[in-house]
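Report on the following structure.
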Amino acid sequence: MSEPRTRRRLSPDERRTELIDAAIRVLREHGEPVNRAAAVTAAAGTAKGTFYVYFPSWEDMLAAVRDRLMDDYGAPLRDRLSAGTPQDWWAVLEAEIDRFVSFTVDCGKLHQAVFHSSAALSPVDDKRSATTLLARIIRRGAEEGALRPVDPDVAAELLFAALHAAADAVAAGQERTRWCEGLRELTASWLAPGKDEHAQTRS
């Protein structure tokens, strides 16, 4: 007769990560459950009381999930910003339209539960903020002549608002191509350099 399997003892960081992973699965599939802590610990295969060892409240868990999502989303942008090689910043910015919409749609019910929650979550760390990353891209693009010179912080806030509105519309079932094309036209009319200037930056 085989011995019953025992769970490997996890470090506190590993256990916390396991709970966040479980919360992401639950929220992606079901949205915010009624029995919130119980649903997460059941998905993680651990005791219900474990939840409160690592997260004093449901809001703390949602904030941790939000931070994970923002870290995952921002990683490619941070890599580009830290790379020592030249970048086509207009192409990067244009590609973000499709990537942001895809990211939101792929999140499913998770996006609504985390980013449209009525819960009072802790403020987003500025280093992982999507608007901060967009502002850095716009600033670099303007400095290198790939984008028109504008106030990068204002431009990032406005662009993020437009991205979020488009992503929400597509997630709600509206036509993706129409929204993405509209966003590209809007962004180009404001931030793209002239055709000759753009061609020069790509050469």
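No lab work stands behind these numbers, since they all come straight from the coordinates. In this text, all values refer to a predicted model and were calculated from it rather than measured experimentally. Here Cβ is always computed from backbone atoms with ideal geometry, including for glycine, and neighbour counts include all displayed protein chains.
Please compute the alpha carbon radius of gyration of region 10-56, then divide it by the globular-protein estimate 2.2 N^0.38 Å. Two decimals is fine.
Expressed relative to 2.2 N^0.38 Å, the Cα Rg reads 1.03.
Using a 7 Å offset from the Cα along the Cα-to-Cβ direction at both residue 82 and residue 106, what is the distance between the two label points in nm, to one decimal?
2.1
If you place +1 on the Cβ of every Lys and Arg, -1 on the Cβ of every Asp and Glu, and leave all else neutral, what size is the dipole of region 58-202 about its Cα centre, to the nearest 20 Debye?
That gives region 58-202 a dipole magnitude of about 160 debye.
Out of 133, 43, 90, whose Cα points farthest toward the positive end of the dipole of the chain (charges: +1 Lys, Arg; -1 Asp, Glu; placed on Cβ)?
Value: 43.
Projecting each Cα onto the charge dipole of the chain (Lys/Arg +1, Asp/Glu -1 at the beta carbon, about the Cα centre), which of 154, 193, 116 comes out farthest on the positive side?
Result: 116.
To the nearest 0.05, what FRET efficiency results for residue 136 and residue 10 with a Förster distance of 35 Å applied to their C-beta separation?
After rounding to 0.05, the efficiency reads 0.45.
Any idea what diffusion coefficient the chain gets from Stokes-Einstein, in µm²/s, Kirkwood Rh on alpha carbon pairs, 10 °C, 1.306 mPa s?
Estimated diffusion coefficient is 83 µm²/s.
Before anything else, pin down the relative contact order of region 58-202: Cα pairs under 8 Å, at least 6 apart, normalised by residue count, whole percent.
31
Can you give the Rg/Rh ratio of region 101-201, where Rg is from the C-alpha atoms and Rh is the Kirkwood radius?
1.02
Most fluctuating residue of 19, 163, 186 in a GNM of the chain with Cα springs under 10 Å: which is it?
Comparing 19, 163, 186 in a Gaussian network model of the chain, the most mobile one is 186.
Which residue, 58, 179, 89, has the most motion in a Gaussian network model of the chain that connects Cα atoms within less than 10 Å?
With Cα springs under 10 Å in the chain, the top fluctuation among 58, 179, 89 is at 58.
Say R0 is 30 Å: what FRET efficiency, to the nearest 0.05, do residue 188 and residue 71 get from their beta-carbon distance?
0.55
Using a Gaussian network model of the chain whose springs link C-alpha atoms within less than 10 Å, name the residue from 22, 130, 119 with the highest mean-square fluctuation.
119
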